[in-house]
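Below: the structure, in C-alpha cells.
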Amino acid sequence: MRILHQLVPNFAAGDAIGAHVRRTQATLRAAGWESEIFYDEAQASVRRLGRHFSTFDPHHDGHDGRAWLLFQLSTGSRMTQYVMDAGLPFGVYFHNITPPRYFERWEPGAAENLRSALADVRRLAPLARFALANSSFSQADLRVAGYDPTEVVPVLVEAKELDEAPNERLLRRLRRETDEGGGRWLFVGRTAPNKCQHDLVAAFAAYRCVYDPMARLTLVGGRTSNVYYRSLELLAEELGVAGAVEFTDTITDPEKLACYRAADVFVCLSEHEGFKVPLIEAMHLGVPVVAYGASAVPETVGDAGVLLDTKDPLVVATAVHRVLADSELRGELVRAGHRRAQELSAERTSRRLLDALDRFVVAGG
C-alpha cells in the first residue's frame, strides 16, 4: 500500500491551509493511499481528525520506513526538526512565507517567527525528496532555496462547499443595508500588514467621496496583529468611513458565505500572497474581482479580474466604479470568474496532486 502522512504545524478549521490538508487526505484515501494527519497545534473542532505529532510511531505509523511524510510548510515550527530527524523520506508542500519586513513595525515577535520559518525552508531543502508549491510564484522561491525537483499543485478548493447554505440571518441584514443604497465591497483574509487592508480602507474612502457616499466595506478575517487591527479602526475613523466599514474578525463558514452573496465586488490590495483562496471563492460565487497585481495574485486570477499595477486610492476607486457601473463588463468578469474557478477546482487540482505524487513518491520510492 502507498502511504503518505501529512504533518501540519497549525491545524485549523476555518483557514485555507487546514481545508487543503483535509482535502489532500480525502484525495489520497480515495485513490487508495493510507494517510493520516499529524499536527503540533489544532483547533478543538478538527483535533479529532488527526493526532499530535508526538504520538507518531516510526515503526507502526511509519511502517518500518515504507511511509512518506508531506510537510505542510507555512510558518516556523518545532516540527521542522522532527521531520528532519524522523528517518522517513519526505516532501514539502510550500504555502509560502510572508516576508518578515511586513511585521517588523507591528509585531516584532511575529517577524522573528517568519525569519525562523525562512531559515527552516533552507534547512529542509537538502533533505527533501521533492517539493510542491501552491503557485509558480512560490515555486520560484523553492528553487532559490535549493529544492529539486519541484512541481506546482494549486491549493485544493472544493466548490461544493461554497454552494452550501449561507447564514440567512446575516444575509438578510446585509441585503437590507444594500437596499438602502450603495455598493458593497468585500475582502476576505486575515488582518495582517501584508494583506494591506489599510490601502483598502483608503481606496474605499476615496470611492465614497467621489462615486458612492452610501457604499459599504466588509473586511472578513481573524486578527494576525492586534496592533495593526486597531490601526485600521483608527484609519477608518480618521477618513470618516468608520460607520461604513465592518470588521467581522473570525466568522463561521455560513457567515462568510453570506458576506460573499451580499457583495458587489471583491477588492484585494494585498502585496504578498502565495495563492489567495478567497479570490477563487469570489469568482466561483459570481463576485467580480478588482485586485492589485502582486505576488501570486495575477497567476490565481488569470484573465478573470481587473488587475491593477498601482494602489493609488483614486485609481482603485475608479476601477471599482467601472466594474459596478458597466453591466457588460461586470457580466464578462462574472463569466470569466466562473471559468477560472472551474479550472482551479479540486476536481482538477487533485488530479495534479496525485500525478505529482505518482512521479515523486511511487516512481521515486
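The values are calculated or read from the model by the stated rules, or taken from the named source; none is laboratory data. Here the structure is a predicted model, which is why all the values come from computation and not from measurement. Heads up, the Cβs are rebuilt from the backbone with ideal geometry, glycines too, and the neighbour counts pull from every protein chain shown.
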Inset, instruction - List every residue pair whose Cβ atoms sit under 9 Å apart, with the two residues 6 or more apart in sequence or on different chains, where the first one lies in region 1-17 and is closer than 13 Å to Val92 by Cβ and the second, anywhere, is of a type in the set (Asp, Glu). - result: Leu4/Glu34; Gln6/Glu36; Leu7/Asp40; Val8/Asp40; Pro9/Asp40; Pro9/Glu41
Inset, instruction - Please work out which one of (1) under 23 Å from Val144 (Cα atoms); (2) surrounded by 22 or more Cβ atoms within 10 Å (Cβ to Cβ) is the condition Met84 fails and give its number. - result: (2)
Legend entry - Residue match in region 12-29 (condition: at pLDDT below 95 and acidic (Asp, Glu)): yes
Legend entry - Residues of region 243-265 classified as surrounded by 21 or more Cβ atoms within 10 Å (Cβ to Cβ) and closer than 20 Å to Pro193 by Cβ, total: 1
Legend entry - Odd one out for Leu314, checked against (1) in contact (Cβ under 8 Å) with a residue 40 or more places away in the chain; (2) outside any helix (DSSP H, G or I); (3) within 23 Å of Asp212 (Cα to Cα); (4) not β-branched (Val, Ile, Thr): (2)
Inset, instruction - Hey, can you tell me all the residues within region 278-295 that are crowded, with 23+ Cβ neighbours inside 10 Å and either assigned to a loop (DSSP other than H, G, I, E, B) or in contact with a His (Cβ under 9 Å, 6 or more places away or on another chain) (or both)? - result: Met283, Val287, Pro288
Inset, instruction - Please list, ordered by first then second residue, the pairs with beta carbon atoms under 7 Å, 6 or more apart or interchain, first in region 330-352 and of a type in the set (Ser, Thr, Tyr), second part of a helix (DSSP H, G or I) and surrounded by 14 or more Cβ atoms within 10 Å (Cβ to Cβ). - result: Ser345/Ala159; Ser350/Thr27
Legend entry - Cβ-Cβ under 9 Å pairs, at least 6 apart or on other chains, region 90-111 side free of Cβ contacts under 8 Å to residues at least 40 places away in the same chain and under 18 Å from Ala19 (Cα atoms), far side among the hydroxyl-bearing types (Ser, Thr, Tyr) and part of a strand (DSSP E or B): none
Legend entry - Members of region 170-189 found to be surrounded by fewer than 18 Cβ atoms within 10 Å (Cβ to Cβ) and touching a residue at least 24 places away in the same chain (Cβ under 8 Å), listed by number: Arg175, Glu177, Thr178, Glu180, Gly181, Gly182
Inset, instruction - Within region 23-45, identify whether any single residue is out of contact with any Gly (no Cβ under 8 Å at 6 or more places or on another chain), acidic (Asp, Glu) and touching a residue at least 40 places away in the same chain (Cβ under 8 Å), and answer yes or no. - result: no
Inset, instruction - Would you check if Asp199 is acidic (Asp, Glu), out of contact with any strand residue (DSSP E or B) (no Cβ under 6 Å at 6 or more places or on another chain), modelled with pLDDT of 95 or more and closer than 22 Å to Leu114 by Cα? - result: no
Inset, instruction - Only one of these is under 23 Å from Ala19 (Cα atoms) and not assigned by TED's automatic domain parsing to the domain that holds Cys209: Ser350, Ser295. Name it. - result: Ser350
Legend entry - Matching residues in region 2-38 - criterion: being over 19 Å from the mean Cα position of the chain (by Cα) and in a strand (DSSP E or B): Ile3, Leu4, His5, Glu34, Ile37, Phe38
